[in-house]
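Participant: Take this structure first; my questions come after.
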Amino acid sequence: MKNELRSPFAQRQYMLSGDFELYYYDDQTLTSVENHTHSYWEFYFFLEGSAEMYLKNQPVSLCHGDIIAVAPKVPHHAAIHSEKTSYRRFIFWVSCSFLEKLMESSPDFGYLTERAPENGYLIFHVEDLIFNAVQAEIFEFLEEIHSRRFGREARLMLLAGQLLLEISRIYHEQKNQREDNGEPLYDNIAHFIEGHLDEPLSLDLLAQHFFVSKYYIAHLFKDNMGISVHQYIQKKRLLMSRNAILNGVGVNEACLMYGFNDYSVFYRAFVREYGISPEKYR
């Protein structure tokens, strides 16, 4: 599936669409690309390879999970240093007019771009657990681009805004430390759970970490979500496992990756949640 969503690399550095464009590239070699600028925003998601990004002629080493927001008129180009590993990345181009249109509905859409420093670009790293979810979101976006289903154009607008909002939210949460930013306790606990799904989690552990009664946490989740903490953790683990499977991770590996140490438990929970076995879903 992912191979079908790849785009052949083109040296074109201008948009054909007036709003946004999204590409998935996977190259062994990279045709030489001169230092260039755009009249629109570029969001670059690095997946794999031995490569550097040059921003205003300053080299930046890349690792899996790096996201770069490059403002209009900022000179940049990428360089491959080894062809032993595929150079894989997503490129998301967004016009200034489309971004402004989104910000008219909510300034939150511009949170990330408005915080790009004076040098015109912003780099941040996303942990694997969360980056897998971002990848799944992008592949869903690409599938819609390649589809011809009813409502395609409307859904593409929604997915473009959703992706912008998602990476803005990730950056916001990185810049505002969970325990110290005054957010409600429920939000802090939910963020903690999301970042530790690959580790043992329990009501007792959460109570110890946040210095509150486990009974208070239990009521907090019932009031906010209508489900128990255990159910919330399991739903989150199933969602992340599903996203990993969509990204090509093996079913057994996805099971272990997100805290399911017993495959039979994972299998039964997955079928209950999605109505189909993990193997058939893949």
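Participant: When a/c is below 1.5 the answer is rounded, else prolate if a/b is larger than b/c, else oblate, so apply that to region 1-70 with a ≥ b ≥ c taken from the square roots of the Cα gyration tensor eigenvalues.
Facilitator: rounded
Participant: Under 1.5 on a/c is rounded, so check that first for region 190-244, then, if it is not, pick prolate when a/b is larger than b/c and oblate when it is not; a ≥ b ≥ c are the square roots of the alpha carbon gyration tensor eigenvalues.
Facilitator: Oblate, because a/c is 1.5 or more while a/b does not exceed b/c.
Participant: For helix 185-195, what angle does its Cα long axis make with the longest principal axis of the chain, in degrees from 0 to 90 and rounded to 10?
Facilitator: 70
Participant: Also, I was wondering about something else. Would you mind calculating the relative contact order of region 114-232 from Cα pairs under 8 angstrom and at least 6 residues apart, reporting the percent as a whole number?
Facilitator: With pairs under 8 Å counted, the relative contact order is 16 percent.
Participant: How high is the relative contact order of the chain? Use alpha-carbon pairs under 8 Å, at least six apart in sequence, and give a whole percent.
Facilitator: 15
Participant: Continuing with this model, one more query. Under a cut-off of 23 Å between alpha-carbon atoms, report the lysines in cross-link reach of Lys235, not counting same-chain residues fewer than 8 places apart.
Facilitator: Lys214, Lys222, Lys280
Participant: Modelling each spin label as a point 7 Å along the Cα-to-Cβ direction, I'd like the Gln11/Ile123 distance in nm, to one decimal.
Facilitator: My value for the distance between the label points is 2.6 nm.
Participant: Taking the Cα centre of the chain as the origin and placing charges on Cβ (Lys, Arg +1; Asp, Glu -1), which of Tyr87, Met103, Asn243 is farthest toward the positive end of the dipole?
Facilitator: Asn243
Participant: Give me the net charge of Tyr44's neighbourhood, meaning all other residues with Cβ under 15 Å from the Cβ of Tyr44; Lys, Arg count +1, Asp, Glu -1.
Facilitator: Once all neighbours under 15 Å are counted, the net charge is -4.
Participant: Give a residue-ordered list of calculated ³J(HN,Hα) values for region 56-63 (Karplus: 6.51 cos²θ - 1.76 cosθ + 1.60, θ = phi - 60°; whole Hz; x for Gly, Pro).
Facilitator: With the stated coefficients, region 56-63 comes to 6, 6, 9, x, 10, 5, 10, 9 Hz.
Participant: All other residues with a Cβ under 15 Å from the Cβ of Ala133 taken together, and with Lys, Arg as +1 and Asp, Glu as -1, what is their net charge?
Facilitator: That sum, taken over residues with Cβ under 15 Å, equals -3.
Participant: What FRET efficiency do you get for His77 and Phe150 if R0 is 41 Å and r is their Cβ-Cβ distance, rounded to the nearest 0.05?
Facilitator: According to the calculation, E is roughly 0.55.
Participant: Quick one: 3J(HN,Hα) in Hz for region 233-239, Karplus 6.51/-1.76/1.60 with θ = phi - 60°, rounded, Gly and Pro as x.
Facilitator: For region 233-239, the Karplus-derived couplings read 4, 5, 5, 5, 5, 5, 4 Hz, x marking Gly and Pro.
Participant: Follow-up question, since we're still on this one. Taking the Cα atoms only, what angle lies between the long axis of helix 263-274 and the longest principal axis of the chain, rounded to 10 degrees?
Facilitator: 70
Participant: When the dipole is taken about the Cα centre of region 143-274, and only Lys, Arg (+1) and Asp, Glu (-1) are charged at their Cβ, what size is it in debye, to the nearest 20?
Facilitator: 540
Participant: How far, in nm, would the chain grow between Asp198 and Lys101 when pulled straight, counting 0.36 nm per residue and subtracting the alpha carbon separation?
Facilitator: This chain segment gains 31.1 nm when fully extended.
Participant: With a 1.4 Å probe and every protein chain kept in, tell me what percent of the accessible surface of the chain is carbon plus sulfur.
Facilitator: 50
Participant: Give, as a single signed number, the net charge of other residues whose beta carbon lies under 14 Å from the beta carbon of Met240, with Lys and Arg counted +1 and Asp and Glu -1.
Facilitator: -4
Participant: As a test of the formula, what do you get for the chain when each DSSP H run with n ≥ 4 contributes -39,500 (n - 2.57) and the sum is divided by the residue count, at 222 nm and rounded to the nearest 500 deg cm²/dmol?
Facilitator: -14000 deg cm²/dmol
Participant: Can I ask one more? If packing is taken as the average number of other Cβ atoms within 10 Å across a peptide's residues, how do 120-127, 40-47 rank, most packed first?
Facilitator: 40-47, 120-127
Participant: Let me ask something additional. Among Gly151, Gly49, Gly110, which one shows the biggest mean-square fluctuation in a GNM of the chain, springs joining Cα atoms closer than 10 Å?
Facilitator: Gly151
Participant: If a paramagnetic tag sat 7 Å from the Cα of Glu114 along the Cα-Cβ line, which residues of region 57-101 would have the backbone N under 14 Å from that point?
Facilitator: Flagged as within label range: 99-101.
Participant: Still on this model: Here are labelled values, (1) 144; (2) 161; (3) 118, and one is the computed volume of the Cα convex hull per residue in Å³ for what I pasted. Which one?
Facilitator: (2)
Participant: Let me ask something else about it. Quick check for you: with a 1.4 Å probe and neighbouring chains kept, what is the accessible area per residue of the chain, in Å²?
Facilitator: Result: 52 Å² per residue.
Participant: So, one more: Mean separation of Cα pairs under 8 Å and 6+ residues apart, divided by the residue count of region 190-267: what relative contact order is that in percent?
Facilitator: Taking the mean separation of contacting Cα pairs over the length of region 190-267, I get 30 percent.
The values are calculated or read from the model by the stated rules, or taken from the named source; none is laboratory data. Here the structure is a predicted model, which is why all the values come from computation and not from measurement. Note that we place each Cβ from the backbone using ideal geometry, even for glycine, and neighbour counts take in every protein chain shown. These accessible areas exclude ligands, DNA and RNA; they are computed on the full protein's heavy atoms, side chains included. Shrake-Rupley method; radii C 1.70, N 1.55, O 1.52, S 1.80 Å.
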